[in-house]
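Everything on this sheet refers to the single structure shown next.
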Amino acid sequence: MGCCHSNSGGDSGANRIARWRSTGIVALRDSKLRALPSEVLVVDSFVRTLDLTNNKINEVTPEISRLVNMQRLVLADNLIESLPTTIGVLRSLKVLILDGNRVTDLPDELGSLYRLERLSITGNSLTCLPKNIGDLRNLLLLNVSNNKLKSLPESIGGCVSLEELQANGNFIEELPPSVCNLLHLKFLSLNNNTISFLRIF
């Protein structure tokens, strides 16, 4: 689970942990990490933001569930293929960014993240979305562009707070009727799909 990483400029592990506890922000962008460093888990409930952008992480440890107060999780530009089911424990999460990975599907437990407001998973290999995605009733933005989606689930209509839906660059042929339930939707983008007509429900 741990990862080799260097201590530079006298920034010892103890100093980092103290800083993370103080600020709640763990920023490890561009650090050539292959896994979540075990010292991050030591900080556990103090973490509010975890940013692991542009590393070489291919697996998210199930122990990420220990970061129970985390509100922002940014995992963009890694090699991640899936999320652990324990992601559903992170009930404080408001922002989840997974752009530029290799994710093929999302666990049903994602529907437990009822505080989630922004979910972006562009540039992956998603073939479908969880059927219970409609449980994300506080979701404001959903960006699933540049995946391999052939459809959006009927349950999408349950995302009643949704203001922005982007699904460009997929293989979507038509929209489910429940899209009409998205009364707060301000922006809908479906460029570069295979939609031949739109039904008026």
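The values are calculated or read from the model by the stated rules, or taken from the named source; none is laboratory data. This structure is a prediction, so every number in the text was calculated from the model and none was measured. Cβ sites come from the backbone with ideal geometry, for glycine too, and all protein chains shown count toward neighbours.
For Gly123, the test of being assigned to a helix (DSSP H, G or I), out of contact with any Pro (no Cβ under 6 Å at 6 or more places or on another chain) and without any contact (Cβ under 8 Å) to a residue 60 or more places away in the chain is failed.
Each residue in the range 143-187 was checked for being in contact (Cβ under 8 Å) with a residue 24 or more places away in the chain and either within 23 Å of Ile97 (Cβ to Cβ) or more than 21 Å from the chain's Cα centre (by Cα) (or both), and 31 pass.
Residues that are modelled with pLDDT under 95 and part of a loop (DSSP other than H, G, I, E, B) occur at least once in the range 157-173. For the range 124-147, the set of residues classified as surrounded by 18 or more Cβ atoms within 10 Å (Cβ to Cβ), closer than 14 Å to Thr104 by Cα and not polar (S, T, N, Q) consists of Leu126, Leu129, Val144, listed by residue number.
Scanning the range 52-89 for residues that are closer than 21 Å to Gly24 by Cα, more than 12 Å from the chain's Cα centre (by Cα), of a type outside the set (Ser, Thr, Tyr) and surrounded by fewer than 21 Cβ atoms within 10 Å (Cβ to Cβ) yields Asn54, Pro62, Glu63, Arg66, Val68, Asn69, Val89. All told, Val60 meets the bar of being hydrophobic (A, V, I, L, M, F, W, C), free of Cβ contacts under 8 Å to residues at least 40 places away in the same chain, touching a Leu at 6+ places or on another chain (Cβ under 6 Å) and at negative phi. Can you tell me which residues in the range 88-116 are more than 23 Å from Asp77 (Cα to Cα) and of a type in the set (Val, Ile, Thr)? Once the filter is applied, which keeps residues that are more than 23 Å from Asp77 (Cα to Cα) and of a type in the set (Val, Ile, Thr), the range 88-116 yields only Val89. Report, by residue number, each residue of the range 95-111 that is assigned to a loop (DSSP other than H, G, I, E, B), surrounded by 17 or more Cβ atoms within 10 Å (Cβ to Cβ) and touching an Asp or Glu at 6+ places or on another chain (Cβ under 8 Å). If the condition is that a residue be assigned to a loop (DSSP other than H, G, I, E, B), surrounded by 17 or more Cβ atoms within 10 Å (Cβ to Cβ) and touching an Asp or Glu at 6+ places or on another chain (Cβ under 8 Å), then Asp99, Gly100, Asn101, Val103 are the ones that fit.
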